[in-house]
Amino acid sequence: MNATNPEFTGLILLASQDKPETPQELLDVLSPFVVTIIDVQKIQIRGRLIMTVLFGLDPAHAGAIESDLIKFGDDNGYDVAVDFAIEGESR
């Protein structure tokens, strides 16, 4: 499957120092994959950034996306958490 699955979503939570380039850097990590951005939310307060990105994806790419995001966070000093779910499925 090369398309996103609208029922399978990923949620990224990033916390970091507020730097103008951070949102684009985060989205660049997703650029090698076929994803559909559903929602992006940012809170910027007292020099800190909390950002969430909800996106649809091919479930087969979840592991690679998670690995790339964790590496991105580690390399840049960002706190990054990733969660995947089938929409409508309770956890």
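The values are calculated or read from the model by the stated rules, or taken from the named source; none is laboratory data. From a predicted model like this one, the values you see are computed outputs, not experimental measurements. Cβ: placed from backbone, ideal geometry, glycine included. Neighbour counts: every protein chain shown.
Return only the number of the condition from (1) under 15 Å from T22 (Cα atoms); (2) assigned to a helix (DSSP H, G or I); (3) among the hydrophobic types (A, V, I, L, M, F, W, C) that A62 does not satisfy.
Unmet for A62, out of (1) under 15 Å from T22 (Cα atoms); (2) assigned to a helix (DSSP H, G or I); (3) among the hydrophobic types (A, V, I, L, M, F, W, C): (1).
Select from region 1-21 the residues that are acidic (D, E) and surrounded by 12 or more Cβ atoms within 10 Å (Cβ to Cβ) and write down the one among them that is modelled with the highest pLDDT.
D18
Name the single residue that is nearest to the chain's Cα centre (by Cα) among those in region 65-84 being modelled with pLDDT of 95 or more, surrounded by fewer than 14 Cβ atoms within 10 Å (Cβ to Cβ) and not in a helix (DSSP H, G or I).
Step by step, filter region 65-84, then rank; the result is D83.
Under 6 Å by Cβ, and 6 or more places apart or on different chains, what pairs join a residue from region 59-70 that is under 13 Å from L26 (Cα atoms) with one that is modelled with pLDDT of 95 or more?
Sorted first by the residue in region 59-70, then by its partner, the pairs are I65/F33; E66/V82; D68/V29; L69/V29; L69/V80; L69/V82.
Suppose we filter region 24-42 for residues that are without any contact (Cβ under 8 Å) to a residue 24 or more places away in the chain and in contact with an Asp or Glu (Cβ under 6 Å, 6 or more places away or on another chain); how many remain?
The total comes to 0.
If you scan region 40-52, which residues turn out to be over 16 Å from T9 (Cα atoms) and among the aliphatic types (A, V, I, L, M)?
I43, I45, L49, I50, M51
What is the residue count in region 53-85 for residues that are of a type in the set (S, T, N, Q) and within 13 Å of T9 (Cα to Cα)?
Qualifying residue count for the region: 0.
For G88, indicate whether it is modelled with pLDDT under 95 and farther than 17 Å from L11 by Cβ.
No: the conditions fail for G88.
Report the residue count in region 27-59 for those that are under 12 Å from the mean Cα position of the chain (by Cα) and part of a helix (DSSP H, G or I).
Qualifying residue count, region 27-59: 4.
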